[in-house]
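The values are calculated or read from the model by the stated rules, or taken from the named source; none is laboratory data. These numbers were taken from a predicted model, which means no experiment stands behind them. With ideal geometry, Cβ positions are generated from the backbone for all residues, glycine too; neighbour counts draw on all protein chains shown. Quick note on the areas: whole protein, heavy atoms, side chains included, nothing else; ligands and nucleic acids left out. Shrake-Rupley method; radii C 1.70, N 1.55, O 1.52, S 1.80 Å.
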Amino acid sequence: MFEAILGQGPAVETLQHALRADRLHHAYRFEGPSGVGKELTALTLARALLCERGGCGACASCKRVMTFSAEPPQVPQHPDVVLVGRQLYPKNVVSKPETTGISVEQIRKVVLGRAGYPPHEGRALFFILRDADELTVSAANALLKTLEEPGKNVHFILLTSRPHRLLDTVRSRTLAVRFRALPDDVVARILAEHGKNPALAPRAQGSASAALELADSDDLDVLGKFAQGIREAVSDPGITSALAFAGSLPSDKLELRRRLLGYGHDLAQQLREAVRGQSGDGEDVRLTRSYQAVNRALLALERNTAGTLAVEAMLVEMRHAR
C-alpha cells in the first residue's frame with residue numbers, strides 16, 4: 001500500500017511494522033525536508049486504517065482519502081481525514097487572517113470541535129497538520145491536552161521540515177518518524193513521470209516539489225538572474241551595487257531561501273569540477289568560501305534574520321573571498 005512512497009524505506013518500514021503489530025501510535029511527527037513525501041505518507045497511512053481492506057487503493061474510501069476538493073478549502077474528500085494548515089480555510093471558518101502561523105481559532109474550530117466526535121464512516125479519525133512548526137504558541141497550547149490524550153481511534157500526524165521550531169511540549173507528545181532528502185535518481189524518476197526534464201534533479205536538493213518547480217522555465221530564469229546578480233555584486237569594486245542587489249530581493253523568506261539553495265547547488269557543482277581539474281589557481285578555495293557564505297546566509301534566515309541583512313553579509317563575505 002506504500003508503493004507510491006519513493007526513497008523513504010526506513011520511515012515506511014516503521015509505519016508498516018506498527019500496522020502489522022496493531023501498535024500504531026496516536027500522534028506521529030513526520031520530520032524531514034520539504035517535498036520528500038511526508039504528506040503523501042500521512043495520507044497513505046490514513047487510507048490503510050480507513051479502508052476495510054487495509055488500504056486497497058481502489059475502493060471509494062481510499063479514493064476519497066487521496067482526492068482533494070476542487071474548491072477551497074482544498075482538503076481530502078474523506079470526512080474522517082482532517083487537514084490543518086495556515087491560511088487553508090476561508091473566512092467563514094477562520095475569521096482572522098493567519099499571517100504569522102496556524103491560529104488558535106483554527107485549532108479550536110477544525111480540530112477540537114471535531115476530535116470529540118467519533119469517525120463518520122471509517123474506523124479512525126485522522127488529523128494531519130501541514131507545516132506544524134507554524135502553530136502559534138496559543139494554538140499549540142490549545143492542542144496539547146487533545147494531542148496527549150485523544151479519543152479512541154483518533155490519530156494525529158504533524159508534518160514539519162523544522163522540528164526545532166515546535167514547542168518542547170508538542171515534541172514530547174509525538175513520536176518522530178524521520179524522512180530524508182530524496183536521492184537524485186528518485187527525483188529524476190518523478191520528473192520524468194510528470195513529463196519534465198530529469199536532468200534537473202541534482203538542482204532540487206533532494207526535494208520532488210522543488211524539482212517540479214524548477215522544471216518551469218520561468219523559474220529557471222529567475223534563478224539564473226539571481227546568480228547573475230550575485231556575480232555582478234561581488235565583482236563590482238564598490239559596495240553600492242551589492243547593497244542595491246540585496247535590497248531588491250523579495251521579502252518572502254521562503255522564496256529567498258529557495259533562490260539561495262539553487263545558487264548553493266551551482267557553487268557545489270562548480271567546486272566539484274574545480275577539484276577534479278586541480279588547476280592550482282585557488283578557484284576551489286574561492287568557491288568553498290562562497291559556498292560557506294551561502295550556507296551562513298541560509299542559517300541566518302532560519303534564525304529569523306532579515307533577508308536583506310543576510311544577503312548583504314553573504315555578499316561582503318564573498319567579496320573578501322575573491
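Quick rundown of the values:
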read-out	value
Modelled label reach - LEU40, point 7 Å along Cα→Cβ, region 199-222 residues with backbone N closer than 13 Å	207-212
Bridge type composition, the chain - antiparallel percent by DSSP, nearest 5	5
Shape box of region 99-146 [Cα atoms, principal axes, largest first, Å]	34, 17, 16
Amide H contacts of LEU135 (H built 1.01 Å from N, under 5 Å, at least 5 apart or other chain)	ILE102
Region 54-191 - convex hull of the alpha-carbon atoms, volume per residue in Å³	150
Ratio of Rg to Rh over region 6-46 (Cα coordinates, Kirkwood Rh, two decimals)	0.94
Region 154-298: relative contact order in percent, alpha carbon pairs under 8 Å with at least 6 residues between	14
Percent carbon-and-sulfur accessible area, the chain, ignoring ligands, DNA and RNA, probe 1.4 Å	51
Compactness of region 178-265, expressed as Rg and Dmax over alpha-carbon positions, Å	15.0, 47
Separation of the LEU167 and ARG180 label points, Cα + 7 Å toward Cβ, nm	3.4
In sequence order, calculated HN-Hα J values of region 134-144 (Karplus, 6.51, -1.76, 1.60; Hz; x Gly/Pro)	8, 4, 5, 4, 5, 5, 4, 5, 5, 7, 4
Equivalent ellipsoid, region 253-322 (semi-axes from 5 times Cα gyration tensor eigenvalues, Å)	24, 13, 7
Under Karplus coefficients 6.51, -1.76 and 1.60, residue-wise ³J(HN,Hα) of region 285-298 in Hz, glycine/proline x	5, 4, 5, 4, 5, 5, 4, 5, 5, 5, 5, 5, 5, 5
log10 of Debye I(q)/I(0), alpha-carbon scatterers only, for region 49-127 at 0.15 Å⁻¹	-0.57
Whole-Hz couplings from phi, Karplus 6.51/-1.76/1.60, listed for region 91-99; x for Gly and Pro	5, 6, 9, 10, 6, 9, x, 9, 7
Cut-off under 5 Å, modelled amide H: who pairs with PHE156 long-range	ALA27, TYR28, PHE127
Per-q log10 I(q)/I(0), the chain, q = 0.06, 0.12 Å⁻¹ (Debye; single scatterer per alpha-carbon; no solvent)	-0.26, -0.92
